[in-house]
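Written out below as structure tokens is the structure these notes cover.
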Amino acid sequence: MPARAMWKAEIVAGDFTVPIRLYSVLESKTVRFRLLHAKDLEPVFQQMVDPSTGQPVSAEEIRRGVEVEPGVYVLITDEEQQELTPPESRTIAVERVVNRSAIDQRWFDHPYYLGPDGNTDSYFAFAEALASSDQVAVVQWVMRKSRYNGAIHAAGGYLMIQTFRSAEELLKIDPVRVPQNRAPDERELRLAEQLITALKDDFDPAAYQDEYRKQVLELIEMKASGKLVKFPKAKKEKEEPSLLEALEASLGQPRKAAAGA
């Protein structure tokens, strides 16, 4: 079954336009539990209630507010919120082009695929130009009543777009307290470098799975088939080794694995 586009737009840079379709990169695989009444296993639902009376409150009686100080709220009406909503647009405006290395990875948030929408020549020309120069296009757009900033880059001959986090969301490293004026010990540094060299390998994303989800699905399958479920006993925590002991132990593991191969 072919992928279904979420949105259609045009990448615009001066007189250059690239019609695109936007596709999701991610698909949620979270196991979703239903809340059930223990008595008869009927699904239950949540209601908005007045905490002083315990009585349900209808949607018409609910207002949005922000607490500015304890017990004091500023109300925002639907009309006021609508006024602040940016107008719909089908334009992804290129503001500038920068080196890919100029953007810290902390800024990147949600990724999307961009596919061509008719004009494949301009699409693949833009992808090739970004790839060959190792640059990204910093862009801004409005989608589904929200304004986004992000970057377009080439991946495997195609285009991808990734939203930026806002500056207000990123925390500085200041709270992380690091001992000052401590030069790394020569032996520790040498062992750390050896460890990095010993563990150097290609990245295989398929090797990283959601183990919790896998175990939950296996548990559900076992219980659904009427099998007896037994959980292994939790291992006792061992005493934390020193940094040198940990590095030496880690260096020994690759050698043992290589010796057993």
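The values are calculated or read from the model by the stated rules, or taken from the named source; none is laboratory data. None of the values given here were measured: they were computed from a predicted structure. Cβ placement follows ideal geometry from the backbone for every residue including glycine, while neighbour counts extend to all protein chains displayed.
For the reader, a short list of remarks on this structure follows.
Yes or no, residue by residue, for (1) at pLDDT below 90; (2) farther than 30 Å from Lys8 by Cβ; (3) acidic (Asp, Glu); (4) in a loop (DSSP other than H, G, I, E, B):
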| residue | (1), (2), (3), (4) |
| --- | --- |
| Phe33 | no, yes, no, yes |
| Gly54 | no, yes, no, yes |
| Val68 | no, yes, no, no |
| Tyr73 | no, yes, no, no |
| Glu88 | no, no, yes, yes |
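- Unmet criterion (only one of (1) over 18 Å from Ile11 (Cα atoms); (2) part of a strand (DSSP E or B); (3) of a type in the set (Lys, Arg)) for Arg106: (2)
- One residue stands out among those in region 147-170 that are of a type in the set (Gly, Ala, Ser) and crowded, with 17+ Cβ neighbours inside 10 Å: the one that is farthest from Arg100 (Cα to Cα), which is Gly150.
- Among all residues of region 36-44, there is at least one that is touching a Pro at 6+ places or on another chain (Cβ under 9 Å) and more than 30 Å from Ile161 (Cα to Cα).
- Region 13-55, subset of a type in the set (A, V, I, L, M) and within 30 Å of Arg90 (Cβ to Cβ), residue nearest to the chain's Cα centre (by Cα): Leu26
- Taking the criterion of being among the aromatic types (Phe, Trp, Tyr) and surrounded by 10 or more Cβ atoms within 10 Å (Cβ to Cβ), the only residue of region 30-81 that qualifies is Tyr73.
- Which listed residue is surrounded by fewer than 14 Cβ atoms within 10 Å (Cβ to Cβ), within 27 Å of Glu83 (Cα to Cα), out of contact with any helix residue (DSSP H, G or I) (no Cβ under 6 Å at 6 or more places or on another chain) and modelled with pLDDT under 95, from Arg106, Arg144: Arg144
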